[in-house]
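Trainee: I'd like to ask you about the structure that follows.
The values are calculated or read from the model by the stated rules, or taken from the named source; none is laboratory data. Everything numeric in this text was worked out from a predicted model, so none of it was measured. Here Cβ is always computed from backbone atoms with ideal geometry, including for glycine, and neighbour counts include all displayed protein chains. With ligands, DNA and RNA removed, areas are computed over all heavy atoms of the protein, side chains included. Shrake-Rupley method; radii C 1.70, N 1.55, O 1.52, S 1.80 Å.
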Amino acid sequence: MLTIKKTKQDYITDTVIYLILIVLAVTTLIPLFNILAVSLSDSAKATAGLVTVYPLGFNMTTYMTIFKDHAILTAIGVSFKRVVLSLIVDMVLCVLAAYPLSRSSKAFPFRGVYMWIVVGTMLFGPSMIPMFFTVKDLHMLGTIWALVLPGAVGQFYIILMINYFRSIPQELEESASIDGASPWRRLLQIYLPLSMPIVATIALFVVVNNWNAYYDGLIYSINTDDYPLQTYIQQLVVNLDMSIRDVDQVKNMLAVSNRSLTAAKLVITMVPILLIYPFMQKYFISGIMIGSVKE
């Protein structure tokens, strides 16, 4: 085995590169530490902007204010239910749309027409009012499906999966066809097992987008019990309830500032994504690169 001996110049170059990477990593982490510190700091110090990367006047009042209301547990449940249902529905529809569209025009004569429809709806999406009345006419207002179905078919996801399917050697499908495999069997036993990187990539997109969404909860949810977590916390920050008669509750509210509440909201919403992303990062990188090269 050939071993290349590093020169002094190589060691200097490596050191400089590592230092640059460390600086970039620290620069990325500082805002996260600042948000966490603000959420755990005294209200006055947080409002005055004195908090940097460590808490000043450490207290958990902000989180106690948020989690003392049992409604937030309901909102967390709604968000998790939304993410799971969206993941299932989006992935099924994306795969069923991408597989036939990844075939050649000879195998699927109307492929070009459907591709224009996908691209056209990607460029010219529905506005809010027609979408609201569509959801209303389908009797989905106030249900979990109002948060799942309107954005269920992601055109960008379909295009990514089409490109990935087309990167798989056609010889595999041809040999399976010769052996008598049906299109369903070829999809389930050949294409999907070989497409885990792009599946994981799209799954990560779906989870992040649905977890972070809050505006559709304001539009389609009738009761506050139907709010997802992001919508609930947004309302908690904007419409802070000051009609409190209990002395202890008044003290707790005075110890909380809008800035620390916002920081706590960001911390709560970031935790699930920070836990998921490290396990899916390797699939995300390979999936997004391969799916973006070919048409």
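Trainee: Could you list, in sequence order, the residues of the range 98-116 that are among the small types (Gly, Ala, Ser) and open to solvent by less than 30 Å² (accessible area, probe 1.4 Å)?
Mentor: Ala98, Ser102
Trainee: If you check Thr74, Thr62, which single one turns out to be open to solvent by less than 20 Å² (accessible area, probe 1.4 Å), at pLDDT below 90 and not charged (D, E, K, R)?
Mentor: Within the list Thr74, Thr62, the selection yields Thr62.
Trainee: Can I ask one more? Within the range 138-148, identify whether any single residue is under 22 Å from the mean Cα position of the chain (by Cα), within 30 Å of Pro278 (Cβ to Cβ) and either at pLDDT below 85 or open to solvent by 20 Å² or more (accessible area, probe 1.4 Å) (or both), and answer yes or no.
Mentor: Among the residues of the range 138-148, at least one is under 22 Å from the mean Cα position of the chain (by Cα), within 30 Å of Pro278 (Cβ to Cβ) and either at pLDDT below 85 or open to solvent by 20 Å² or more (accessible area, probe 1.4 Å) (or both), which makes the answer yes.
Trainee: Another question, if that's okay. Checking the structure you have, find out if any residue of the range 41-56 is modelled with pLDDT under 90, part of a helix (DSSP H, G or I), in contact with a helix residue (DSSP H, G or I) (Cβ under 7 Å, 6 or more places away or on another chain) and hydrophobic (A, V, I, L, M, F, W, C).
Mentor: yes
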